[in-house]
C-alpha cells in the first residue's frame with residue numbers, strides 16, 4: 001500500500017470530530033456506584049421469576065395435606081433453589097472484573113466464551129435434572145392419591161410432553177455450546193498462529 | 001464538538017510514574033492522554049449515540065477500577081487498551097444477543113458489498129464507511145484494525161490482543177490491502193467527478 005494512503009487512513013481516523021467526554025474521579029465513583037446498583041437490579045430481575053415459583057410451591061406445600069404432594073412441592077423447591085444458586089454463581093457475566101487489564105483481549109474474550117459454553121453445555125445437571133425428582137414425585141402423588149380411576153393415557157401424554165420439553169431444551173443448549181466452541185477454537189487457532 | 005488529532009500521542013504515556021500515582025491520579029492522567037482514543041474506540045464498537053455514551057462511561061469506570069490492581073506487569077498504554085477493548089468486546093457480545101448481527105473476519109472483508117464500491121471521496125463519508133466496516137468485524141479483528149488506525153506498531157498490538165507479532169503483521173497486511181482498495185476506488189470516483 002502506498003505509504004501516503006496508509007497515513008491518510010490513520011489521519012482520517014484520528015482527526016474525526018469527537019464530543020470530548022471528560023469524567024472527574026468523583027463522577028467516576030458515582031457512576032461506578034450506579035453501575036453496581038444496575039448489576040444488583042439485573043440479578044434481582046433474574047431471580048424474581050424463580051422466587052415467584054418457589055413461593056407458589058411453598059404455598060402448595062403448606063396448604064396440601066397429602067404427604068406425597070408435600071414431598072413433591074418440597075423437591076421442586078429444593079430444585080429451584082439449586083437452579084437459582086447455580087445461575088447466580090456461574091451464570092452472571094463477569095461484568096467488570098478489576099483485573100481486566102491483566103488479560104490480553106484474546107484471553108479475556110475466550111474465557112468469556114468458555115464460561116458461556118460450559119453453562120449451556122452442562123444444562124442437564126444444573127437446570128434440568130434438579131426438577132426431575134419433583135416431577136417423578138408428582139407422578140407418584142397423582143397415582144397414589146387420585147380419588148378417581150387413573151387415566152393412564154393422559155398421564156403418559158403428560159410425561160411425554162415433559163420429556164419432549166426437556167429434550168428440546170437440552171438439544172438447543174447443545175447447539176449453542178457447539179457454536180460457542182467454534183468461536184473458542186477460532187480464537188485458540190489465532191493465538192497459536194505464528 | 002472539537003477535532004482531536006492524536007497521530008503521535010500514543011507513545012508518550014509510558015513515562016507516567018506508576019509507583020507514586022494513586023488510582024485517581026493515574027486514571028486522570030490516562031483519561032487525559034487517551035480520552036480521544038477511547039472515544040474513537042467506543043465509536044467503532046457502538047453506532048447508537050446513547051449506547052455509545054454508556055459504553056464510553058463504562059470503559060472509564062472499568063479503567064478507574066482497574067488501576068487499583070495495576071502492578072506494572074505491562075505498560076500503562078497496553079493496560080488502558082486491554083481494559084477498553086475487553087469492556088467493548090463484552091458490550092458487543094451482550095448487544096448481539098439483543099440485536100443479532102453477522103460479524104465477519106478480515107479475510108471476508110473484500111467480499112462485503114460496500115468494500116469495493118466507494119461512493120464518495122470526502123473525509124466525512126470515508127470515515128462513516130470506515131466505521132461501518134469496522135463495526136461489521138469480529139471483536140479480535142476489530143481490535144487489530146483499531147490499534148492499527150491509532151498508529152500502534154505490530155509488537156504493541158500483539159501485546160494488547162495476545163496475537164503473535166507475525167500474525168498481527170499478516171492481519172495488518174490484509175487491512176492495508178482493503179483500505180488501499182477503498183481509497184483507490186474513492187479517488188477514481190472523485191477524479192471522474194472533477
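Sort out which residues of the range B:139-158 are in a loop (DSSP other than H, G, I, E, B) and surrounded by 20 or more Cβ atoms within 10 Å (Cβ to Cβ), and write them in order of number.
Across the range B:139-158, the qualifying residues are B:150, B:152.
Just give me the residues in the range B:52-75 being more than 9 Å from every other protein chain (Cβ to nearest Cβ) and part of a helix (DSSP H, G or I), in sequence order.
Once the filter is applied, which keeps residues that are more than 9 Å from every other protein chain (Cβ to nearest Cβ) and part of a helix (DSSP H, G or I), the range B:52-75 yields B:52, B:54, B:55, B:59.
Can you tell me which condition residue A:80 does not meet? The list is (1) without any contact (Cβ under 8 Å) to a residue 12 or more places away in the chain; (2) away from every other protein chain (no Cβ under 14 Å); (3) crowded, with 17+ Cβ neighbours inside 10 Å, and all the others hold.
Result: residue A:80 passes all but (1).
Give the residue, chosen from B:42, B:49, that is modelled with pLDDT under 90 and either away from every other protein chain (no Cβ under 11 Å) or under 16 Å from residue A:18 (Cβ atoms) (or both).
After ruling out the rest, the residue left standing is B:49.
Give me a count of the residues in the range A:103-116 that are farther than 16 Å from residue B:92 by Cα and buried (at least 19 other Cβ atoms within 10 Å of the Cβ).
Within the range A:103-116, residues that are farther than 16 Å from residue B:92 by Cα and buried (at least 19 other Cβ atoms within 10 Å of the Cβ) number 1.
Residues checked against (1) touching a residue at least 12 places away in the same chain (Cβ under 8 Å); (2) more than 10 Å from every other protein chain (Cβ to nearest Cβ):
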site	(1), (2)
A:9	no, no
A:24	no, no
A:32	no, no
A:35	yes, no
A:40	no, yes
A:48	no, yes
A:56	no, yes
A:70	no, yes
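Do we find that residue A:147 is more than 16 Å from the chain's Cα centre (by Cα), at pLDDT below 90 and not in a helix (DSSP H, G or I) in this structure?
yes
The values are calculated or read from the model by the stated rules, or taken from the named source; none is laboratory data. Treat the numbers as computed from the prediction; the structure is a model and nothing was measured. Cβ sites come from the backbone with ideal geometry, for glycine too, and all protein chains shown count toward neighbours.
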